[in-house]
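The values are calculated or read from the model by the stated rules, or taken from the named source; none is laboratory data. A quick note: this is a predicted structure, and the numbers were derived from the prediction, not measured. Cβ sites come from the backbone with ideal geometry, for glycine too, and all protein chains shown count toward neighbours. Just so you know, the surface numbers come from the protein's heavy atoms only, side chains and all, with ligands and any DNA or RNA stripped out. Shrake-Rupley method; radii C 1.70, N 1.55, O 1.52, S 1.80 Å.
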Amino acid sequence: MAIQTRTTELPWKELSADEKMERRIEAWLSPADINFASARAEADYKARVSRIVDAIQMKKNPDRVPVSPFLGEYAAAYCGYTQKDVMYDVDKAIEVATRCTLEFDFDAKTPAAAPVGRVYEILDERQRKWPGHGVADDGSPQFIEGEYMTADQYDDFILDESDYRWRSYLPKTWGAMGGLGKLMPLGQLNTGSVSRFGLPEVQESLKKLMAAGEEAQRWVGKIAATNKKLTELGYPNFRGSVLGLAPFDVLGDNLRGQRGIALDMYKRPEKLLEAIEMITEKRLLQIRRSGDNGNVGGSPIVGFPLHKGADGFMSDEQFRTFYWPSLRKICLALIEEGYVPELRTQGGYESRLEVIRDFPRGKVLCHLYLTDVKPAKKALGDVMCIVGSVPQSLLSVGTPPEVEDYSKRLIDIGGVGGGFMMTSPGALGADSNAENIRAMIKTAKEYGLYQK
């Protein structure tokens, strides 16, 4: 029988940030509508969540260092499937999640993910190449950056982002949505303009959109049931369902591309900052509304994959001007609503460490992909929990003793004073080695006692 979350007499808006976080953690510890498979499964679940929470909050040391590698493409390879298999077959995707969760047995589940191959096909997805479509069946999906929003479209985007995305952006990125460009601006929809929905090309695009939705619905229920079952077996999600994005990355990844946004910092900095501010204000409003619906279940961790803020992508001055202020605002708003931002520093961040430490203690995670744990611990260790990574190269071609030695080094440095977790540097590749992954997990479980 699941334990119900403790209620409070105060309305959500009257709670402090600490009280909101407490409520979210209580809901994570005692999830509603979960009937654990056994008393042992419930105890293991609570121990795993508590271990992660204690590391984040830095109020007391957990019983050991939490370990939670992101298996990525290796999960399918471990189970003998190609990447195409798990993108097109929901039952294989479910088998992969279940086997990897139970057989590797770390501090979070390998969540069942939605196979999206047919959805991409129906929509004629143009921003990606995926197994069977542009790359080999066992190849890695590729994101295709481009200037899908031209420099002269900034004003359209800022004026009405939804209309811009609907009538201009989607026809460029989803080939099946070409007909949407024939529609009137969304704000002008009325009985006099509704006739455009009768245009054959518009109707064809809408039919494709509905077909993609129907395809997605075929596997949504199965995926949700599997993830619920894994929770009942004692394995929590590490992150919640909310994905965080830095406003700069929203523009740089999907709209302007690396070349376009790099030029914008020099040629049109005011317009770039105006667009960043618009994106930021919308996200802040969404965050402030997030607790009003009473939905506080699941992991409160919000992962931010930081794509373009790494050392070498921009100067320190540009980072402090274009990248960091808006990202920090969003993270502070999430903290105010009881969430835990996780800064997933994709690339080196050694030149950024003093900047990104500007947060309340025990409210943020910093996941280090390529940054050395020693300077990171020195710069951030008194403020936030850091997540150290065992390199992909070592997990692929190293030996278990080498992985064990590296993992011990991470724990010896990062574990001093608490506030440390261990993981992989993002999603693992298909060429990873199961025994090396197990060596990392085993080391955390047996050696990972925090040092004073």
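Projecting the Cα atoms of L394, G348, G418 onto the charge dipole of the chain, computed from C-beta unit charges around the Cα centre, puts G418 farthest toward the positive end. Karplus-derived 3J(HN,Hα) values for the stretch 170-179, using 6.51 cos²θ - 1.76 cosθ + 1.60 with θ = phi - 60°, are 4, x, 7, 9, 10, x, 6, 9, x, x Hz; glycine and proline are entered as x. With the simple model of a label 7 Å out from the Cα in the direction of the Cβ, Q127 to R196 spans 2.2 nm.
Determine the equivalent ellipsoid of the stretch 217-369 by diagonalising the alpha-carbon gyration tensor, then write out the semi-axes as square roots of 5 times the eigenvalues, largest first, rounded to whole Å.
Each semi-axis is the square root of five times an eigenvalue, giving 30, 17, 16 Å.
Computed with a 1.4 Å probe over protein heavy atoms only, the accessible area of W219 comes to about 30 Å². A viscosity of 1.002 mPa s and a temperature of 20 °C, combined with the Kirkwood radius over C-alpha pairs in the Stokes-Einstein formula, give the stretch 293-369 a diffusion coefficient of 163 µm²/s.
Pairs of Lys residues in the stretch 204-342 are counted when their Cα atoms are under 24 angstrom apart and they lie 8 or more places apart or on different chains; the count is 8.
Each residue of the stretch 325-337 was assigned a 3J(HN,Hα) from its phi angle through the Karplus expression (A = 6.51, B = -1.76, C = 1.60, θ = phi - 60°), giving x, 5, 4, 5, 4, 5, 4, 5, 5, 5, 4, 4, 9 Hz with x at Gly and Pro.
G347 sits among other residues whose Cβ lies under 15 Å from its own Cβ, and their net charge, with Lys and Arg +1 and Asp and Glu -1, is -3.
Annotation: amide H of Q346 within the under-5 Å range of L306, sequence separation 5 or more or interchain, hydrogens built in the peptide plane. Once you have a ≥ b ≥ c as the square roots of the Cα gyration tensor eigenvalues for the stretch 237-311, tell me rounded if a/c is under 1.5, and otherwise prolate or oblate according to whether a/b is larger than b/c. Oblate is the answer for the stretch 237-311, as a/c is 1.5 or above yet b/c matches or exceeds a/b. Amide H contacts of E125: G175, each under 5 Å away and 5 or more positions distant or on a separate chain (H built 1.01 Å from N in the peptide plane; Pro and chain starts excluded). Scaled against 2.2 N^0.38 Å for its residue count N, the alpha carbon radius of gyration of the stretch 324-385 is 1.04. FRET efficiency for the pair R40 and Q142, taken as 1/(1 + (r/R0)^6) with r the Cβ-Cβ distance and R0 = 45 Å, rounds to 0.60.
The calculated FRET efficiency for the pair D105 and S50, based on their C-beta separation and a Förster distance of 25 Å, comes to about 0.90.
DSSP beta bridges confined to the chain are antiparallel in about 15 percent of cases. A helix-only calculation puts the chain at -14000 deg cm²/dmol for mean residue ellipticity at 222 nm, using -39500 (n - 2.57) for each DSSP H run of at least four residues, averaged over all residues.
Residues whose amide H falls under 5 Å from that of L365, counting only those 5 or more places apart or on a different chain, are E342, L343, with hydrogens built in the peptide plane.
Rg/Rh, computed from the Cα trace of the stretch 360-424 with Rh as the Kirkwood radius, has the value 0.99.
Projecting label points 7 angstrom from Cα along Cα→Cβ for A151 and S16 puts them 5.0 nm apart. Applying 0.36 nm per residue to the separation of S241 and Q258 and subtracting their alpha-carbon distance, the gain on full extension is 3.4 nm. Shape verdict for the stretch 16-174, please, from the Cα gyration tensor: rounded (a/c under 1.5), prolate (a/b greater than b/c) or oblate. Oblate, because a/c is 1.5 or more while a/b does not exceed b/c. Taking the Cα centre of the chain as reference, the dipole from Cβ charges on Lys and Arg (+1) and Asp and Glu (-1) amounts to some 560 debye. Charge dipole of the stretch 200-321 (Cα centre as origin; +1 on each Lys and Arg Cβ, -1 on each Asp and Glu Cβ, all else neutral): 320 debye, rounded to the nearest 20.
The aspartates and glutamates whose alpha-carbon is closer than 15 Å to the alpha-carbon of K20, local same-chain residues fewer than 8 away aside, are E9, D292, E336, E337. Positive-end ranking of M177, A112, I330 along the dipole of the chain, with charges on Cβ about the Cα centre, is headed by I330.
For the stretch 82-145, the C-alpha radius of gyration sits at 1.23 times the compact-globule guess of 2.2 N^0.38 Å, with N the residue count. For the pair the stretch 50-97 / the stretch 380-437, the C-alpha centres are spaced 14 Å from each other.
The accessible surface of the chain, taken with every protein chain in place and a 1.4 Å probe, is 52 percent carbon and sulfur. Overall, the stretch 315-452 carries a charge dipole of about 340 debye about its Cα centre when +1 sits on the Cβ of Lys and Arg and -1 on the Cβ of Asp and Glu, all other atoms neutral. Which pairs in the list K129/K374; K84/K172; K46/K378 are over 27 Å apart, alpha-carbon to alpha-carbon? With Cα atoms farther than 27 Å apart: K129/K374; K46/K378. Here the 3J(HN,Hα) profile of the stretch 386-392, calculated from phi with Karplus coefficients 6.51, -1.76 and 1.60 at θ = phi - 60°, is 9, 10, x, 10, 7, x, 4 Hz, Gly and Pro shown as x.
At a Förster radius of 51 Å, what calculated FRET efficiency corresponds to the Cβ-Cβ distance of S162 and K408, to the nearest 0.05? Don't skip to the end; give the middle numbers.
Values: r = 51 Å, r/R0 = 1.00.
Plugging the Cβ-Cβ distance into 1/(1 + (r/R0)^6) gives 0.50.
More than 19 angstrom separation, counting every C-alpha pair in the stretch 1-105; what % is that?
61 percent
Computed over protein heavy atoms with a 1.4 Å probe, the accessible surface of the chain works out to 45 Å² per residue.
Two numbers describe the Cα atoms of the stretch 155-272: Rg and Dmax, which are 19.5, 57 Å.
Extension gain for the segment K172 to Y266, taken as residue separation times 0.36 nm less the Cα-Cα distance, is 31.2 nm to one decimal.
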